[in-house]
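Take this structure, written in structure tokens, and hold onto it; I'll ask about it next.
Just so you know, all these numbers are worked out from the coordinates, no wet-lab data involved. None of the values given here were measured: they were computed from a predicted structure. Note that we place each Cβ from the backbone using ideal geometry, even for glycine, and neighbour counts take in every protein chain shown.
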Amino acid sequence: MNTLKDDWHVGQTVWAAQGTVGWRPASITHIGRKWIEVIFHSGKGSQGMREAEELRPRDPLMEGADKPEPLKEENNG
């Protein structure tokens, strides 16, 4: 998947990586040089910063059916 910053825009709804356990729904609030700032749709107004590679497009009309598979930790040992 192409994860260049040019693929994202402020206000876009996305899936944001949550560690290695899964994805949380969010919206992009700012696109910086290195980080993309998001606000999570948890109802608490929590915010975070993610790299472009840690985001996936989201279609709110699918009501979560487009949620990516859980992330898997890489085993380098």
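Can you pull out the residues in region 22-57 that are surrounded by 15 or more Cβ atoms within 10 Å (Cβ to Cβ) and either among the small types (G, A, S) or assigned to a helix (DSSP H, G or I) (or both)?
Listed by number, the residues that qualify are A26, S27, G48, A52, E54.
Report, by residue number, each residue of region 34-48 that is among the aliphatic types (A, V, I, L, M) and either more than 14 Å from W23 (Cα to Cα) or over 9 Å from the mean Cα position of the chain (by Cα) (or both).
Just the residues of region 34-48 that are among the aliphatic types (A, V, I, L, M), to begin with: 36, 38-39.
Hits for region 34-48 are I36, I39.
What's the total number of residues in region 3-21 that are in a loop (DSSP other than H, G, I, E, B) and more than 18 Å from G64 (Cβ to Cβ)? Before you say what the answer is, go through the steps one by one.
Just the residues of region 3-21 that are in a loop (DSSP other than H, G, I, E, B), to begin with: 3-4, 8-12, 19-21.
Restricting the remaining residues to those that are more than 18 Å from G64 (Cβ to Cβ) gives 3-4, 8-11, 19-20.
Residues in region 3-21 being in a loop (DSSP other than H, G, I, E, B) and more than 18 Å from G64 (Cβ to Cβ): 8 in total.
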